[in-house]
Amino acid sequence: MSTWVLRGARVAGSDAAEDLVLTDGVVSGRAPAGAADVPAGARTVDADGLVALPGLVDLHTHLREPGREDAETVETGTRAAAAGGWTAVHAMANTSPVADTAGVVEQVHRLGVEAGWCDVRPVGAVTVGLEGRRLAELGAMATSAARVRVFSDDGHCVADPVLMRRALEYVRAFDGVVAQHAQDPRLTEGAQMNEGEVSAVLGLAGWPSVAEEAVIARDVLLAAHVGSRVHVCHVSTAGSVEIVRLAKQRGLPVTAEVTPHHLVLTDEEVRSYDPVYKVNPPLRTARDVHALREAVADGTIDVIATDHAPHPTEAKDCEWAAAAMGMTGLETALAVVQEALVDTGLLGWGEVAARMSAAPARIGRLDDAALGLHAHGRGLAVGEPAHVTLHDPAARWTVEPAAQQTMGWNTPFRGRTLPGRVVATFLRGAPTLLDGRLVDPDARA
Ligand SMILES: [Zn+2]
């Protein structure tokens, strides 16, 4: 029998210090600090001053394997996830080959199990090869061993309204969701950054807000028409927030996510011409950042997802126009969220748990009791799976790419000092991270 006692943690959403007891993969006890029954042989963690969150669930991660193992592997990406406090990640489909068949999603799922750092839930492509021409084998992926519930052509928009409609109709049969990368391809041809004052000064081709907003508006109407769920990836503009807010007020079946980097960085960063700031959707304006923060606070935006997008050095160590789009994020997300939302008073830790664990698990259907101990996002009540993230809100640390687990050096926060650090992660009651250090699978108990 394996038992861990986390002594004196403040469980997200509550103010009291408590002892959390984890036995054989399940939360077996919660008691006021110092009052828990500690069985013989139990190991303890001094969690005084730490916040205990339910294990974080990322709805949007790029693990790059198969095919781009020079950028990241399932092993390195999930090590980064464990270091960042994540116990489950959804692996995006733009691999090589594309995850558009049962065979590929089962391969990704199996690689995740073998690595053992967190649960890996493959996302299936909506269209064959992400090409936007024909629907992929959605049903075969849903009934495969990977049990895919989230489908996305992320990196590309499902621009054809007829294909989008068919995809929504198809996933309804197994309560799946289509996660749309909202980007009108015609309105963003050649785009290099946000269209606005800064792009005009720099002379870079602009990516206008309306290219995102028009697709979101169309998709929420399509989802309502079909009676199916649509999820909007990485919302980046104030106008998108308004559309999602209006859709929710009308009771339409839409959910939305925002990335940590869109909550703190603006297109002013692009004046440096440093390709680390090149990302899709692009960094927007301070007005957009303000609207996104408000939308997370009022629940219009359900989820904070990393869009962790590692690239090999040569893809970023070049001139702006030639650089790949994307930033890493698994190891900095919770600290950035603390800086942007918690330390500013916009969000309490209970709401952080809702946006970074419960909602992404619900949207990805990882909260399904039928999944047993693989269920996530269900909170830290007695009897629930013991996925726990311990975070030290008083810590301060400077981001150094060389010290991170991801193979990607493309973090926009390098050299920055961030508040709050993940110190331990428990997956099914066993530590994947302890005292800030990863714990190899064969050293866990
Ligand atoms: Zn992405």
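The values are calculated or read from the model by the stated rules, or taken from the named source; none is laboratory data. Everything quoted here is computed from the prediction, not taken from an experiment. Note that each Cβ is placed from the backbone with ideal geometry, even for glycine, and that neighbours are counted across all protein chains shown. Just the protein is used for accessible areas: all its heavy atoms, side chains included, with ligands, DNA and RNA removed. Shrake-Rupley method; radii C 1.70, N 1.55, O 1.52, S 1.80 Å.
Structure data summary
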read-out	value
14 Å tail of the calculated P(r), the range 99-146, as % of Cα pairs	46
Sparsely packed chymotrypsin sites (Phe, Trp or Tyr not before Pro) within the range 96-185, loop by DSSP, other Cβ within 10 Å at most 15	Phe174
Percent antiparallel among DSSP beta bridges (both partners in the chain, rounded to 5)	50
Net charge over other residues, Cβ less than 12 angstrom from the Cβ of Glu384 (K, R count +1; D, E count -1)	+2
Rg/Rh for the range 156-271, where both radii come from Cα atoms and Rh is the Kirkwood radius	1.01
Estimated D of the chain in µm² per second, where Rh is the Kirkwood radius over Cα pairs and Stokes-Einstein applies at 20 °C, 1.002 mPa s	99
Volume of the Cα convex hull of the range 97-177, divided per residue and given in Å³	82
Among Leu204, Gly176, Ala359 - extreme Cα towards positive end, dipole of the chain, charges at beta-carbon	Gly176
Fluctuation leader among Asp219, Asp267, Asp48 - the chain, Gaussian network, Cα springs under 10 angstrom	Asp48
Cleavage-rule hits, trypsin sites (Lys or Arg not before Pro), the range 54-101, DSSP coil, Cβ neighbours within 10 Å at most 14	none
4 °C / 1.567 mPa s Stokes-Einstein diffusion coefficient of the range 229-273, Kirkwood radius on C-alpha pairs, µm²/s	109
Counting all C-alpha pairs of the range 63-144, share separated by more than 14 Å (%)	58
Equivalent ellipsoid semi-axes, the range 215-354, via Cα gyration tensor eigenvalues times 5, rooted, Å	27, 19, 13
Carbon/sulfur fraction of accessible area - the range 344-420, other protein chains in place, 1.4 Å, %	52
Net charge, Ala291 excluded, C-beta distance under 11 Å - Lys, Arg +1, Asp, Glu -1	0
Computed Kirkwood radius, in angstrom, where 1/r is averaged over Cα pairs of the range 265-344	13.9
Separation of alpha-carbon centers, the range 253-296 and the range 58-72, rounded to whole Å	22
Which of Met141, Met325 is most accessible, then next, and so on - probe 1.4 Å	Met325, Met141
Per residue accessible area of the range 24-153, 1.4 Å probe, in Å²	34
Rounded D (µm²/s) - the range 283-398, Kirkwood Rh over Cα pairs, Stokes-Einstein at 20 °C, 1.002 mPa s	130
Residue-normalised accessible area of the range 211-325, expressed per residue, 1.4 Å probe, Å²	34
Ellipticity estimate at 222 nm from DSSP helix runs (n ≥ 4, -39,500 (n - 2.57)) divided over the chain, nearest 500	-7000 deg cm²/dmol
Trypsin sites (Lys or Arg not before Pro) restricted to the range 119-195 and DSSP loop, no more than 13 other C-beta within 10 Å	Arg133, Arg134, Arg186
Average projected area [Cα convex hull, the range 316-371], square nanometres	6.3
Radius 15 Å from Cβ of Met407, net charge of other residues (Lys, Arg +1; Asp, Glu -1)	-4
At q = 0.22 Å⁻¹, base-10 log of I(q)/I(0) for the range 345-445 (Debye sum, equal scatterers on each alpha carbon)	-1.28
Residues whose placed amide H lies under 5 Å from that of Ala256, excluding near-sequence neighbours	Val232, Asp302, Val303
Highest-fluctuation residue, His156, His231, His261 considered, GNM on the chain with Cα pairs under 10 Å	His156
Cα-based equivalent ellipsoid of the range 32-102: semi-axis lengths in Å, sorted from largest, via gyration tensor	37, 12, 11
Spin-label zone in the range 1-45 - amide nitrogen under 17 Å from a point set 7 Å from the Cα of Leu373 along the C-beta vector	1-5, 21-29, 43
